[in-house]
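S.K.: There's a structure below that I have some questions on.
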Amino acid sequence: MGIAQHTAQYGFAYCALRPLYLWPCNSTVLPPATKWHILMEKIYIETSIISYLTARPSSNLIAAAWQKETLDWWETQKNRFDLYISNIVTEEAGRGDSEAAARRLEVLAGLPILPLNEAVVELSKALIQEGGLPAKALDDALHIALSAVHGMDYLLTWNCRHIDNAEKKPIIRIICQAHGFTCPEIATPIELMGVNEDD
């Protein structure tokens, strides 16, 4: 349920904090923290996250480090967010070795699936045609379009070639905005570990 729907149905206003908090619109005093209603931020889990999460330990130092960071994020951070996937994720996760695919699909089971609608398809085409991603990266364009059209706050990925590409992200944001959507913050698990006041 979106912001406008929550406000209309429940009469709550939003506080600009993360996670988002709500309190009655007609209240002149903030209620005790125990009475606050928390809206979790929404995060789209791209397939590479599940691949690193469920893969056998790698002898490659970089891959092993990404596996560890992914596991750490999954164990310590995922409960701070509402997680979403798509049929593109489940399709990609089901490819390849049957045992590895089964591990990936087991993790995905039960996560809400964002629908691939006409707006998603049109935005994915625009992302390619207008220079955000190469033509061969159609699935990657769909991941971005799905998360933008459905109002995700974050897109979590280890795909740094096409999705979390520092040179392409400004272009991707501009294309999304030009078509009436806000691009989610694209990040790796390392970049979305929260804030520790002791650090």
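S.K.: Based on this model, can you work out whether ILE144 counts as touching a residue at least 40 places away in the same chain (Cβ under 8 Å), crowded, with 16+ Cβ neighbours inside 10 Å and not in a helix (DSSP H, G or I)?
M.R.: no
Conditions (1) over 21 Å from SER48 (Cα atoms); (2) at pLDDT 95 or above; (3) crowded, with 20+ Cβ neighbours inside 10 Å; (4) within 15 Å of the chain's Cα centre (by Cα), marked per residue:
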position	(1), (2), (3), (4)
TRP158	no, yes, yes, yes
ILE163	no, yes, yes, yes
ILE174	yes, yes, no, no
GLN177	yes, yes, no, no
PRO184	no, yes, yes, yes
PRO189	no, yes, yes, yes
MET193	no, no, no, yes
GLU197	yes, no, no, no
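S.K.: Counting only residues that are closer than 25 Å to LYS168 by Cβ and in contact (Cβ under 8 Å) with a residue 12 or more places away in the chain, give me the helices (runs of 4 or more DSSP H) lying completely in segment 34-133 with at least 2 of them.
M.R.: The qualifying helices (runs of 4 or more DSSP H) are 47-54, 61-76, 87-93, 118-129.
S.K.: Of the residues in segment 77-114, how many are under 13 Å from the mean Cα position of the chain (by Cα) and aliphatic (A, V, I, L, M)?
M.R.: Qualifying residue count, segment 77-114: 6.
Residue-wise test of (1) outside the structural domain of THR54 (by TED's automatic domain parsing); (2) modelled with pLDDT under 95; (3) of a type in the set (S, T, N, Q); (4) surrounded by 15 or more Cβ atoms within 10 Å (Cβ to Cβ).
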position: ILE85; (1), (2), (3), (4): no, no, no, yes
position: ARG103; (1), (2), (3), (4): no, no, no, yes
position: ASN117; (1), (2), (3), (4): no, no, yes, no
position: SER124; (1), (2), (3), (4): no, no, yes, yes
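The values are calculated or read from the model by the stated rules, or taken from the named source; none is laboratory data. These numbers were taken from a predicted model, which means no experiment stands behind them. All Cβ positions, even for glycine, are placed from backbone atoms using ideal geometry, and neighbour counts span all protein chains on display.
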